[in-house]
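Report on the structure given below.
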């Protein structure tokens with residue numbers, strides 16, 4: 001009887017050691033989630049890559065063809081009201097900038113400020129075809145091939161005297177005869193103290209164009225900028241020498 005109790009005790013001991021130990025171990029391995037800090041880092045890296053890939057907007061369709069140059073265009077004109085030059089060169093009364101911008105096809109045309117920036121004066125603007133404007137801007141910045149292609153600029157006041165005008169027109173004729181380009185800039189000279197009438201200003205422009213036409217082969221290669229009586233630029237070109 002004592003021998004049988006000893007066998008039972010031994011069997012119970014072995015059962016407790018092996019079977020109980022097996023029950024305490026989990027049957028399946030549980031995968032622990034990533035630590036919170038590591039998961040946040042993954043999200044931040046993904047967001048950073050996505051942001052970088054989306055950076056860099058396309059250039060504005062209203063930008064000047066030569067970066068950082070050219071006159072103000074459209075909403076970049078720094079004024080709430082502007083003067084508009086009509087197709088026949090007449091200066092119109094001031095109008096709100098927003099009204100003018102909504103009056104033409106923005107896909108085909110620019111509103112271009114043709115007067116120099118001046119905080120004391122209302123900007124003078126003109127509606128120009130985009131293709132025409134861009135071609136003119138590229139031409140301005142195209143390097144000259146030789147000395148004769150250099151553009152000469154002559155500045156005249158609207159109230160210029162007869163002697164001075166004759167001297168300037170002779171110079172213009174000389175440059176055109178050499179095959180050069182000439183820009184004639186007309187503006188009100190503050191030092192003269194006299195403001196030319198509308199009739200005087202129109203007669204001056206007519207006189208200048210007549211002098212240009214008197215030079216064989218000369219032409220007005222680009223539409224004039226500005227308006228009569230304010231600031232205006234005429235673009236002439238002489239016949240190229242062979």
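Quick test of your reading of the structure: residue 153 fulfils all but one of (1) part of a strand (DSSP E or B); (2) surrounded by 13 or more Cβ atoms within 10 Å (Cβ to Cβ). Name the failing condition by number.
Status for residue 153: all satisfied but (2).
Condition check ((1) closer than 14 Å to residue 155 by Cα; (2) within 29 Å of the chain's Cα centre (by Cα); (3) in contact (Cβ under 8 Å) with a residue 40 or more places away in the chain) across all residues:
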site: 177; (1), (2), (3): no, no, yes
site: 198; (1), (2), (3): no, no, no
site: 219; (1), (2), (3): no, no, no
site: 232; (1), (2), (3): yes, yes, yes
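Residues that are touching a residue at least 40 places away in the same chain (Cβ under 8 Å) and in a strand (DSSP E or B): does segment 201-209 have at least one?
Checked against the condition, which is being touching a residue at least 40 places away in the same chain (Cβ under 8 Å) and in a strand (DSSP E or B), segment 201-209 yields no hits at all.
If a residue has to be modelled with pLDDT of 50 or more and in contact with a strand residue (DSSP E or B) (Cβ under 9 Å, 6 or more places away or on another chain) to count, how many in segment 47-74 make the cut? Let's see the steps before the verdict.
The first filter runs over segment 47-74 and keeps only residues modelled with pLDDT of 50 or more, leaving 68-74.
If we keep only those that are in contact with a strand residue (DSSP E or B) (Cβ under 9 Å, 6 or more places away or on another chain) too, we end up with 70-74.
Residues meeting the conditions: 5.
Quick one: which residue in 105, 120 is assigned by the TED database to the domain that holds residue 92, more than 21 Å from residue 88 (Cβ to Cβ) and surrounded by fewer than 12 Cβ atoms within 10 Å (Cβ to Cβ)? Step through it out loud before you land on a result.
Working: 105 fails: more than 21 Å from residue 88 (Cβ to Cβ).
The conditions single out 120.
The values are calculated or read from the model by the stated rules, or taken from the named source; none is laboratory data. All figures in this text were calculated on a predicted structure; none of them were measured in a lab. When we count neighbours, we look across all protein chains shown, and the Cβ atoms used for this are built from the backbone with ideal geometry, even at glycine.
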